[in-house]
Structure formats: structure tokens, C-alpha cells
Amino acid sequence: MENFSGATPYLSFWLNDKLYAFNISDVVEVTDLPKITAIPQSPQYIKGVFNFRGEILPAIDVMDKCHIICNTDEADSAVIVLEINRDDADQHLTAGAIVERVSDVISIKPIDIVPIHNFDSQIDASLAEGVYNHDGKIVTILDTAKILALEPASPIGQDK
Amino acid sequence: MQQPSLQQFKQKYVEEVIDMLNDMEGAILTLEQNPSSLDEINQVFRVMHTIKGTSAMYDFKTVEKITHDVEGIYSKIRDAQGSVSKEVSTLTLECVDLLRHLLNQPSAGDDALVDEFLARVAAINGGGNPPAQQQSAPADDDSGGMFLLNDPPQQNFATYYVLFAPEADIANRGVNIKGILDGIKELGENTVFERSWPDDKADNGKFYMYWEAIFATDKPFDEINEIFLFVSDEVKIDKIADANLFANDDFKEQLAAYQLSDTQIDTDELKAVAMLLFKPSEPQNTAPVASSQQPKTEPATPPKVEPNSEAEQKIIAKHIEASDTKNSGIKVDSEKLDELMNLVSEFVNTKAEMLLIAEKYDIPELHDIYEKVDKLSNKLKDNALSIRLVPIESLMLRFQRLVRDLSRELGKQVDFVTEGTDTELDKTIIDNLAVPLMHIIRNSIDHGIESVERRRELKKPDHGIIKFTAFYSGNNVFIQVQDDGAGMNPEYLREKAIEKGFIKATDHLTNRQLYDLVFLPGFSTAQKITGISGRGVGMDAVRQHIMKLRGEIEMDSEVDLGTITTIKLPLTLSIVDALLVSVADTQLLIPVYIIDSCINIRRDVVDQSHGRIIHEGEPTPILDLRTSLNMGGTPPDDCIVVMVKYKDSRVGLVIDKVRGEHQAVLKSLGKYFSKQEYLSGGSILGDGSIALVLDTNKLIRNLQK
């Protein structure tokens, strides 16, 4: 999904007054927050399942998954449906990511993405590809595969 | 245009040949039991012959050569009314494998394989072979190889009617219509009628034209069938008479009349005409028939001698029947079936939506329509489901072959007995069963059945038996594989488990629990590892497979008596009739087949029950789903207990409310909930919300721990 200038489009969204983004090639669709059915005994960050055009998809609370402590009153309003490894049945994963509000699509050159370190970031650094300075605002670029990963976030280097 | 269609054509050819080979494999295995069975000898001969013909058409020279030579063997056996030796049957099975290989993944080294194989065929064929005919044949066989080289002695003439009504897509399939018509014309004297469908039938999904042909030929029926090999579903062949009707002027007049009319010929009428023309009382009519077409001196008696023709009619009828049964099925891409199932599921959901509207706005008319739609959708659903159901028989051939090959390799004598193979299961389940069942059967042969010497020591018959049984029970299908071999020694399992650290020496396990240990990953009990089994991944993988199909597997064994493996499977994976209930905000579905009864109960009774109530005079355990599943919320004063069957008894599940019945189209909850132990899936309700399907067995088992 690179255009001629080498930039890749990302979908940015708000969580707890901060901007985050997913690579748009992983995004299937953005929908209003659907009714979510809780599943007993599932991991904390999975809020339940929802009906996505006849398909049952899990809803991942990105805030929970990234261990972001929420201090705003803003309610979640949207779900970004993500999908990875479409062609590989074993690795294929699809789920909805619950976010507060979708912002817009921004083009980012890979070279402009700066790695982050645990000590200077608010979130688990292993879940992010890096940060990007978007007109003075920091956008944290999340690693879709790690957000969708089945196990609770694992430290760097211990991925299976 | 020509290139891709030829490609498609070849693809179809390969599929057809593979199908034929599968059938033939079955015939060979039967021949091993009954070496002189004429039906099977003929079948092998026919298959070889047909493959030879079509292979020549598509320039598969090697395949043509192989089938030609093998056909030679069978033609000799048939002519001599002999029997098929073990050597020949083994060779034929190898031929099946070789052909499959050549068609599926031909590779560079094949020539050597083929030459080696052909040399062995030649060795068998060698002996008292009429060599000139057999060996030189392929050279002068470039006419297309369609025709029998060693035709059975002249057959009598017969007149046939053929209706060839191609499907609309015939042009895209690259079928050469002209070639088919030419094929008919080559058979003998003929009249072909070219017709188009009348306007009121124009939309019948057929090609806009169809053909009718009447021809007289002395060629065997198989040869006629070969012309229509690729359009067999679109052709109807009917025998009109056992004589050449074209020799009769009255008949020709009748044909002219048909030519003028634009409607389809009524074959019954045609037969009646033929009967009329060939009444035995008018021998002068038939006399010219025999002499006009057949150079040989025919007996002067009319060809329509009753007993003879009746017998022949029977044979033809059998052929037609055989080709009918073969043609009554069509091959459908399984993706199309999945799509159909999805559509039906969506339809069932939409139907529920309709009911909601009807009730919400209280429209009686809509309600009536809903009921009709409901009936139709139920039929549609059953129908769509039944399409997916395949008899388990389709797996048997593979297993028979496996048992045969393996037992030979291991020098054991094993009989494979099957029962209930007409039991039907969802295609997806059947497809996924092959691997685990193969494993189980392998284990039985490798570890179960003892060597002949050992069996004699134990005073068992030389032949070990592996019995495969399938049967229905409720909404489940049970499959059992039983052998009369050595069995598993629970003590040995126990030692092994302790040694490997799966259990402690102090643990007390029942035999059943000990047998369950073999399903643990890494628990291999094989005392020696053979190439066939005993790598310690076996039974673990088997259980994984079965669990993916929502099935259960269990083993039971008795030392020196044998082992029995039982697999319990759901009939289908897609739709379950369920009771829709709610607990707090959560909607749950409980499969109807597992429900015994529902009773009202007051909340305070539940609270003071200590997990047990008296139901129908018996103390029955109850589980409060609200607390067990941490649903929260305030329970209503009146609750419902849904009594569900659990093992041999009942367990009550306390819920808030029963909402009605629902045909749950089961959907997987996905990988995120694979560790989830209480639910077997989810289902989308008419209003778009999701209800969770309870797996009561697992739920109760887990909560009672």
C-alpha cells in the first residue's frame, strides 16, 4: 500500500486524548460501536463479540490491550474491523478494535517513524511500531499483528 | 478460445479418469476376495478400455499404452473365463496408483517407472497370448483408440433413440457438439433431428438447441456411451428395437413425419411403432433387415426372438441403469455448497426478523406469510443440509486399501469388516475424518493385530478382524473401530505414564482414565517405532482432529481380546435446534436434543437448595448459570430450571427466562475463544443480536470439578 513517494496511509484514531494509528491495509471497515455480547471467561481485553454482517467477531478493547489508563469521560464510539494474514488460514485473524473516535487517514513515510522505548511511552512499547510527529501531534503507530495476537501481549523477543 | 477450452477439457478428463480408477480400485479389492467374479473382471476391463479411448483423444500416450496392456490381461481372463490371480490384482492396483500419479503429478522419472511396469505386464501377458493382436495394437491404434480391438463376436443390430439436450453452458465447456453428432453418425444408419426449444421452454437452463437421433448399429452399448462421455448428464439413450429399423420403409416414413414435426419424439410411441412393424407374424418385414445390413449370414428367424431379446433387454437395461445411477449425481464444488449453506443460514435469520416485525406491528397477514416462509425455509434447510450429507461409505475404499497394503507389508492377515457404512455425515466432517480414522486403523493393524504365530499361540483364528461400525444415535453419529488384537495393558500404560511424568506413582486411575492417557501429547506406547506408527504424536493428533469436529473420542480395551475406539460426532456442524433462554443480559441457546424438561422454580428455593433439588422424586443437581458464569445482575423472583441430559442422569440449569425456540445457525466464536470451555459457538438472532450456544456437557463437567 505504498504510493510513489514511499508513504503508507494510516488510519488514525483517538484514545484517551491521544492519537494512535493502524496501517490502513489491515483495516477492513470502520463501524459505529455495535451491541457487544460479553463472553464469560474470556481475557479482560476482549469485551465480547459482535455481529459484523452476519459474522461473529471478537471486540478488542485497544485501551485495555495496551494497558492505557483511561482518564477521560469520552465514551467509545467506533469499532475498526481489522484483518491480518487473510490468505493463511492458520495465521488469519480478524477482530474489531474498540476506539473512542476515528480521526483521519494520514500518509507516513517509514523513515519518519521513530521507535519508542518503554520508559518514555505511555504504552507497552512492544505493541507499537513507533511514533510519528504529525504536525506537532504525536501519533503512536500500533502493530496490528500484536494487537490482534491471541495471547496477552508478550514481551519483545518472546513472540512465537 | 481453443486453448483454454482444451485445457478445461483435459481437466475434466483427468477428473473422470480418477473417478473411474476409484471405482475400479473397489472392483479389484472385490476380485481379491472372489477372483472369478465376472462383473468385476468386466468392470476392470471396461474402465481400462474407456480410459484407453479417452487418453488417446487427449494424447496421453503413456496412459493409453498402460491401460491397453492391462486391458489385454483382463480380456484374456474374461475370454478364458478364468480368475484373477493375486499377482494380477496386485499389478492392477499398482496400475491404479501409477495412473493416478501420471495424471496428477507427472514428473521426469516417470518413464522408467512406466517401462518397468509395462515389462511386468508383458511378462504376465506373455504366455499364451495371441501376440499379433495384443502387442502390435498400439501402433495401429492411432485412429483414436476408441474402438475395441478385440470386439466380442458380432452383435445383433439394434435401433436406438438418443435425446441430447445440452446445458446452456455447453459452449463454454469446450464440448465439441459436432464431434458428438458425427460420432452418432459413424455408428450406423441414422437420422438426426435438429430442434430448438419452444418459447415456453426457452428458459429451462438448457442450450437453445437440442438434438434427437435415431440410429441402428451393431456396436456394443459401451461404445455408444463413449461418444457421450463428457455430456453423459445431458443425454438419454433408449433402445427402440433389437433390429435395424432403417431397413423398413414404413419406419423411414415415420421418421420423415418426425422430421417435419417440431416437437420432441415420444419414445413410447416410437417403440409402439417398432413393435407394430416387427410383429412376429410378419416375418417378411424382418427378413430384409438381417440381410441388408449384416454381411454375415444371419439365421432367417426374425431377430426379435422373445427369450433372447428379453435377456438382452435386461442387459441393456442394466447398462442404462448403471449409467443412470452414475449420472444421477453431479459433482459440485464444495465451495458452492458452503455458499448455499451460508445463504440458507442468512435466510433463516431473515425469517426470524420477519416474525419480529409481524409481532411488533401485529399484522396477521404478515404472520400468515411468515408461517409459509417458515415451512419453506425448513424444507430448504433440510434439503441444503442433506446435500452436504455423504454416506461414510465413501471413505471405506481407502481404508480397505490401507488394510490390504499394510497387512501385507507387516506380514499379518487382517480382514476388514464394515457395518452401517450408509450412515450419512456432513461432507466437511467426512473429509476431516479420513486422516484420524486412517491413524486408528493403522494402529490397530500395527499394534493391535498380532502376528499369525502369536495368534496361533493364543488360539485365535489366523485372520485378525478389524471391524468398522457406524450408526446414528440421537443427533450424533457414532463410529467404532474394533480389532481383535492384543489390546492395551492398563498396567503397562500406567508404568509408562509414571515414567514419563504424566501421573504420579500414587495416583489412582481407573482403566478408562488410563486408556485416556494415550491421547496425551507425547505419550507413545509403541515398544518399537515402525515406519507406520508409534511416533508419539498419533493419538494426540487424532483427538485434536476429532475435537475440531466437535466430536469426542474414547478407547476401551481388554488384554488379548482387542481394542475398541469410539468416536462420537455431531451430524452436521451448521444448524442446531435450540431453546433460547436468557440469564441477566446474556442470551443463551441450549440444544433441544439435550433438554429433558423445563420447570418453574422460585428464586429462594434455588438459593436454599445447596445445589440439589428433588425432581420427579430424585435428587437432581442444579447449576445456577448466573453465578457459575459470573453474569451479575439481580435474579428475578421466578426462575426456570432447564433439565438437561448429562451422561446417564440429569442436571438442572437455572436460568431467568425462556424466550422460545430458535434454529441456531452455528457460527464459530473464532480463535480468540478457543480456550472457552462452555460454549460451542454463537448464533445470530433475528434482531441481529448474538446468542451463545451452550455446550452443556463441557459446562457441567467443568463446573462439577
If the Cβ limit is 7 Å and pairs must be 6+ apart or interchain, which residue in the stretch B:635-652 that is outside any strand (DSSP E or B) pairs with which residue that is open to solvent by 10 Å² or more (accessible area, probe 1.4 Å)?
B:P635/B:R603; B:P635/B:R626; B:P635/B:D656; B:P636/B:R603; B:P636/B:D656; B:D637/B:R602; B:D637/B:R603
When you check A:I108 against the structure, is it more than 14 Å from chain B (Cβ to nearest Cβ), within 30 Å of B:E346 (Cα to Cα) and open to solvent by less than 40 Å² (accessible area, probe 1.4 Å), yes or no?
no
Tally of residues being at pLDDT 80 or above, under 24 Å from B:D624 (Cα atoms) and either more than 7 Å from chain A (Cβ to nearest Cβ) or open to solvent by 20 Å² or more (accessible area, probe 1.4 Å) (or both) across the stretch B:663-678:
1
Would you confirm whether or not the stretch B:654-661 contains a residue that is assigned to a strand (DSSP E or B) and within 14 Å of chain A (Cβ to nearest Cβ)?
yes
If I filter the stretch B:201-214 for residues that are assigned by TED's automatic domain parsing to the domain that holds B:A165, surrounded by fewer than 18 Cβ atoms within 10 Å (Cβ to Cβ) and part of a helix (DSSP H, G or I), do I get at least one hit?
yes
Looking at B:D446, B:D422, which one is open to solvent by 60 Å² or more (accessible area, probe 1.4 Å), on the phi < 0 side of the Ramachandran plot and either acidic (D, E) or not in a helix (DSSP H, G or I) (or both)?
B:D422
Do we find a residue being under 30 Å from B:R612 (Cβ atoms) and among the polar types (S, T, N, Q) anywhere in the stretch B:673-690?
yes
What strands (runs of 3 or more DSSP E) lie completely within the stretch A:37-90 and have 1 or more residues being modelled with pLDDT under 85 and not aromatic (F, W, Y)?
A:55-61
Does B:D604 satisfy being open to solvent by 30 Å² or more (accessible area, probe 1.4 Å), more than 20 Å from B:L425 (Cα to Cα) and part of a helix (DSSP H, G or I)?
yes
Can you tell which of A:S103, A:S77, A:S25 is more than 10 Å from chain B (Cβ to nearest Cβ) and touching a Phe, Trp or Tyr at 6+ places or on another chain (Cβ under 7 Å)?
A:S103
Considering only the stretch B:368-391, state which residues are of a type outside the set (G, A, S), without any contact (Cβ under 8 Å) to a residue 60 or more places away in the chain and surrounded by 15 or more Cβ atoms within 10 Å (Cβ to Cβ).
B:Y370, B:V373, B:D374, B:L380, B:V390, B:P391
Can you tell me which residue in the stretch B:607-627 is surrounded by the fewest Cβ atoms within 10 Å (Cβ to Cβ), limited to those that are more than 44 Å from the chain's Cα centre (by Cα) and within 14 Å of chain A (Cβ to nearest Cβ)?
B:T627
Check on B:I363, under 30 Å from B:E25 (Cβ atoms), of a type in the set (V, I, T), open to solvent by less than 80 Å² (accessible area, probe 1.4 Å) and at pLDDT 85 or above:
no
Does B:A497 fit the bill of being closer than 30 Å to B:D426 by Cα and either buried (at least 20 other Cβ atoms within 10 Å of the Cβ) or touching a Leu at 6+ places or on another chain (Cβ under 6 Å) (or both)?
no
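Any residue that is on the phi > 0 side of the Ramachandran plot and open to solvent by 10 Å² or more (accessible area, probe 1.4 Å) - is there at least one of those in the stretch B:260-272?
No, because not a single residue in the stretch B:260-272 is on the phi > 0 side of the Ramachandran plot and open to solvent by 10 Å² or more (accessible area, probe 1.4 Å).
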Condition met for A:I68 (in contact (Cβ under 8 Å) with a residue 24 or more places away in the chain and either within 14 Å of chain B (Cβ to nearest Cβ) or polar (S, T, N, Q) (or both)):
no
Which condition number in (1) free of Cβ contacts under 8 Å to residues at least 24 places away in the same chain; (2) open to solvent by less than 50 Å² (accessible area, probe 1.4 Å); (3) under 16 Å from B:G670 (Cα atoms); (4) more than 10 Å from chain B (Cβ to nearest Cβ) is the one that A:D88 fails?
(2)
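Could you tell me which residue of the stretch B:639-653 is farthest from the other protein chains (Cβ to nearest Cβ), considering only residues that are touching a helix residue (DSSP H, G or I) at 6+ places or on another chain (Cβ under 7 Å) and farther than 12 Å from B:L703 by Cβ? Can you show your working first?
In the first step, residues of the stretch B:639-653 are kept if they are touching a helix residue (DSSP H, G or I) at 6+ places or on another chain (Cβ under 7 Å); the result is B:639, B:644-646, B:651, B:653.
From what is left, the residues that are farther than 12 Å from B:L703 by Cβ are B:639, B:644-645.
Details: B:C639: 18, B:V644: 18, B:K645: 22 Å.
Per the stated criteria, the residue is B:K645.
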Going by the conditions given, is B:N342 surrounded by fewer than 17 Cβ atoms within 10 Å (Cβ to Cβ), free of Cβ contacts under 8 Å to residues at least 40 places away in the same chain, part of a helix (DSSP H, G or I) and within 14 Å of chain A (Cβ to nearest Cβ)?
yes
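The values are calculated or read from the model by the stated rules, or taken from the named source; none is laboratory data. Because the structure is predicted, anything quoted here is derived from the model rather than measured. All Cβ positions, glycine included, derive from the backbone under ideal geometry; neighbour counts span all protein chains shown. Quick note on the areas: whole protein, heavy atoms, side chains included, nothing else; ligands and nucleic acids left out. Shrake-Rupley method; radii C 1.70, N 1.55, O 1.52, S 1.80 Å.
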